[in-house]
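Student: If you scroll down you'll find the structure; I have some questions about it.
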Amino acid sequence: MTEPLVLASTSPQRRAILEQLRIPFEVVAPEYVEDDPPDADPTELVRRHAEGKARSAHADDRITLGVDTTVHLDGRVYGKAADADDAARMLRELAGRTHAVVSGLCLLGAGDDVIAHERTDVTFRPVSEETLAAYVASGEWEGRAGAYAIQGLGGRVVERIDGDYLNVVGLPGALLVSVLEECAPKLLQTRR
């Protein structure tokens, strides 16, 4: 029997996506400190963070997955909001515009190390101050890149997406499945 994937993340969204895709996994909290300068290149940033998370939780005899996601608009990285005011500011800047959600993925222990990324474009509809205030008051923005969760109340402000929906939730599912098909196909054997 194949050992489960080690997920170097405590994100409930990433756990839910792996469960949805029926990929067996165990969670190990990464010991990695993220640094998100607002002017960073989003692709380089998420690839570096994904690798750092994976390496911090990796054991030599296991396959380990690290993932990082950020939001990018107008040359600026939108990480996790510091507080409600920061969340409201981010959401105002994203409202009525199209931004990129970029995720980095790192898979260690399945042959050659794999570091890849995925981009999904998300368009927000114009949002009233009342809608924005209600969303911020919900607290759903906490701990989320760009201060929203598309799979929750944040879906109310999304007009459309172009790309992998699961990437916006927090784990690029199509990319992960493609990588596993190449590097660790036994992890994709459907289980009940």
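The values are calculated or read from the model by the stated rules, or taken from the named source; none is laboratory data. Computed from a prediction, not measured in an experiment: that's the story for all the values here. Here the Cβ is made from the backbone with ideal geometry for all residues, glycine too, and neighbour counts use every protein chain on show. Accessible surface areas use protein heavy atoms only, side chains included; no ligands, DNA or RNA. Shrake-Rupley method; radii C 1.70, N 1.55, O 1.52, S 1.80 Å.
Student: Residue 130 - would you say it is open to solvent by 20 Å² or more (accessible area, probe 1.4 Å), acidic (Asp, Glu), free of Cβ contacts under 8 Å to residues at least 40 places away in the same chain and in contact with a Phe, Trp or Tyr (Cβ under 8 Å, 6 or more places away or on another chain)? If you could, list the steps in order and put the result at the bottom.
Tutor: Values: open to solvent by 20 Å² or more (accessible area, probe 1.4 Å): yes; acidic (Asp, Glu): yes; free of Cβ contacts under 8 Å to residues at least 40 places away in the same chain: yes; in contact with a Phe, Trp or Tyr (Cβ under 8 Å, 6 or more places away or on another chain): no.
Judged against the criteria, residue 130 is not a match.
Student: A follow-up question, please. Given the condition closer than 14 Å to residue 113 by Cβ and either open to solvent by 40 Å² or more (accessible area, probe 1.4 Å) or touching a Ser or Thr at 6+ places or on another chain (Cβ under 7 Å) (or both), answer yes or no: does some residue in segment 29-40 qualify? Spell out how you get there, then give the answer.
Tutor: Step one: of segment 29-40, the residues closer than 14 Å to residue 113 by Cβ are none.
No, there is no match, as no residue in segment 29-40 is closer than 14 Å to residue 113 by Cβ and either open to solvent by 40 Å² or more (accessible area, probe 1.4 Å) or touching a Ser or Thr at 6+ places or on another chain (Cβ under 7 Å) (or both).
Student: Return the residues of segment 166-192 that are buried (at least 16 other Cβ atoms within 10 Å of the Cβ) and either at positive phi or without any contact (Cβ under 8 Å) to a residue 60 or more places away in the chain (or both); say none if nothing qualifies.
Tutor: Selection gives 170 alone.
Student: Take the residues of segment 8-28 that are open to solvent by 80 Å² or more (accessible area, probe 1.4 Å) and in a loop (DSSP other than H, G, I, E, B): which is farthest from residue 69 (Cα to Cα)?
Tutor: Taking the candidates together, the pick is 22.
Student: Further, regarding this structure: Please work out which residue is nearest to the chain's Cα centre (by Cα), limiting yourself to segment 148-192 and to residues that are under 16 Å from residue 123 (Cβ atoms) and aliphatic (A, V, I, L, M). If you could, list the steps in order and put the result at the bottom.
Tutor: The initial filter retains those residues of segment 148-192 that are under 16 Å from residue 123 (Cβ atoms), namely 148, 150, 154-165, 167-168.
Narrowing further to those that are aliphatic (A, V, I, L, M): 150, 157-158, 161, 168.
On the way: 150: 12, 157: 19, 158: 17, 161: 15, 168: 6 Å.
Filtering first and then ranking leaves 168.
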